[in-house]
Amino acid sequence: MEGFNGMVSTLVPGRSACFECLFGRFEDRSQPPAVLGALPSLVASIQALEVIKWILGIGEGLVSRLLIIRGAEMTFRTVRTEADPECAVCGSTGSRNRADQGQGE
């Protein structure tokens, strides 16, 4: 989240892109980004609905999709996402797969 903008996705290991696939490494900031006060509540409500749908097994959900919220324009857009096969975290050579095979951390 930053300013008037936010994003929501449901990340499921083995079924969707991981956080690293979607956003990469974040640079360290000395100050957190400024966020409009109502935006975290909106994003949290949508994410809570995603969790409820996941637990109950209803609806399509945002697995392999990213909901982009632009608060200034009051627009919502969904884009398809996919895992990066070369991802350092979940790709075929990633740390999670090495650990699963007894080769990692």
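Quick rundown of the values:
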{"read-out": "Qualifying positions in segment 67-76 - buried (at least 16 other Cβ atoms within 10 Å of the Cβ) and modelled with pLDDT under 95", "value": "GLY71"}
{"read-out": "Any chance GLY91 is in contact with a Pro (Cβ under 9 Å, 6 or more places away or on another chain), modelled with pLDDT of 90 or more and either charged (D, E, K, R) or not in a helix (DSSP H, G or I) (or both)", "value": "no"}
{"read-out": "From VAL79, VAL43, residue being modelled with pLDDT of 90 or more and either assigned to a strand (DSSP E or B) or among the hydroxyl-bearing types (Ser, Thr, Tyr) (or both)", "value": "VAL79"}
{"read-out": "Selection count where residues are over 21 Å from MET7 (Cα atoms) and touching a Lys or Arg at 6+ places or on another chain (Cβ under 6 Å), scope segment 54-66", "value": "0"}
{"read-out": "Near pairs, Cβ below 9 angstrom, 6+ apart or cross-chain, from segment 45-62 (of a type in the set (A, V, I, L, M, F, W, C)) to any residue that is loosely packed, with under 10 Cβ neighbours inside 10 Å", "value": "ILE52/ILE58"}
{"read-out": "Search result, residues across segment 67-85 that are touching a residue at least 60 places away in the same chain (Cβ under 8 Å) and over 13 Å from PHE4 (Cβ atoms)", "value": "LEU67, THR81, GLU82, ALA83, ASP84"}
{"read-out": "Conditions (1) more than 17 Å from GLY24 (Cα to Cα); (2) out of contact with any strand residue (DSSP E or B) (no Cβ under 6 Å at 6 or more places or on another chain); (3) surrounded by 10 or more Cβ atoms within 10 Å (Cβ to Cβ): number failed by ILE58", "value": "(3)"}
{"read-out": "Cβ pairs under 6 Å, 6+ apart, first in segment 3-28 and in contact (Cβ under 8 Å) with a residue 12 or more places away in the chain, second among the basic types (Lys, Arg) and surrounded by 12 or more Cβ atoms within 10 Å (Cβ to Cβ)", "value": "ASN5/ARG70"}
{"read-out": "Single unsatisfied condition, GLU50 versus (1) modelled with pLDDT under 95; (2) under 30 Å from THR93 (Cβ atoms)", "value": "(1)"}
{"read-out": "Enumeration of residues in segment 9-52 that are in contact with an Asp or Glu (Cβ under 6 Å, 6 or more places away or on another chain) and exposed (fewer than 13 other Cβ atoms within 10 Å of the Cβ)", "value": "PRO33"}
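The values are calculated or read from the model by the stated rules, or taken from the named source; none is laboratory data. The structure presented is a predicted model; accordingly, all values stated were derived computationally and were not measured. For neighbour counting, all protein chains shown are included, and Cβ atoms are generated from backbone atoms with ideal geometry for every residue, glycine included.
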